[in-house]
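What follows is a set of notes on a single structure, which appears directly below.
The values are calculated or read from the model by the stated rules, or taken from the named source; none is laboratory data. This is a predicted model, so every value here is computed, not measured. Virtual Cβ from ideal backbone geometry, glycine too; neighbours counted across all protein chains shown.
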């Protein structure tokens with residue numbers, strides 16, 4: 001290199017110089033140095049052993065032992081001393097039927113009086129307290145056309161309720177046959193199932209003329225409770241022969 005020639009410096013020389021400076025570690029400040037690895041490891045070991053000791057000897061990890069209330073919570077509500085009542089089949093059906101009847105309230109009302117001139121009443125209706133065969137068929141497939149109820153004529157449509165289960169149908173029919181002053185024998189799920197099988201091929205709602213012959217017909221089957229209940233005869237006591245008397 002000729003020292004007498006002017007030297008040309010460009011920006012690349014400055015970039016290389018600054019890059020070298022950036023590669024140098026900054027001067028550390030007192031109290032700002034990172035902790036050694038062994039300190040971190042020792043802290044973790046201490047926390048693990050400390051937690052295990054506290055869990056085993058201090059209070060345990062059970063919430064009931066570490067809660068502010070300590071111990072198991074006590075139910076301070078008063079205990080009902082009355083014995084639980086076991087409902088008979090009729091009472092049980094009436095209880096369940098009152099709930100299922102909620103699907104009928106919109107038309108027949110909670111009083112069972114229906115809607116004058118539009119919806120026939122269930123209270124005091126001969127269609128309700130008459131033969132069980134007729135009312136079951138109506139509930140399953142519905143009823144349409146002119147109907148005379150308690151001396152008044154109604155012309156409308158009773159929608160079918162066959163989508164309800166055999167149990168629900170038996171409950172609600174038993175309920176309406178024994179509410180608002182009505183009295184009639186209860187209907188069982190077995191009766192519903194038998195009638196449903198008999199009329200499975202019927203299509204559409206019934207008419208009054210279709211059901212006239214069933215007005216007083218009751219479905220066969222045991223009535224386990226309520227009006228008209230069938231009481232099973234008690235088993236006859238075994239006959240024990242009298243001991244023979246000794247002859248002289």
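Before moving on, here are some points about what is shown:
- Condition met for residue 99 (under 30 Å from the mean Cα position of the chain (by Cα), surrounded by 12 or more Cβ atoms within 10 Å (Cβ to Cβ) and at pLDDT below 95): no
- When we screen 78, 34 for residues that are surrounded by fewer than 12 Cβ atoms within 10 Å (Cβ to Cβ), in a loop (DSSP other than H, G, I, E, B), out of contact with any strand residue (DSSP E or B) (no Cβ under 7 Å at 6 or more places or on another chain) and modelled with pLDDT of 70 or more, the only hit is 78.
- Residue match in region 124-142 (condition: surrounded by fewer than 18 Cβ atoms within 10 Å (Cβ to Cβ), over 30 Å from residue 222 (Cα atoms) and out of contact with any strand residue (DSSP E or B) (no Cβ under 6 Å at 6 or more places or on another chain)): no
- The residues of region 114-125 that are modelled with pLDDT of 95 or more and out of contact with any helix residue (DSSP H, G or I) (no Cβ under 8 Å at 6 or more places or on another chain), listed by number, are 123, 124, 125.
- Selection over region 159-188 of residues that are surrounded by 21 or more Cβ atoms within 10 Å (Cβ to Cβ) and within 19 Å of residue 199 (Cα to Cα) gives a count of 5.
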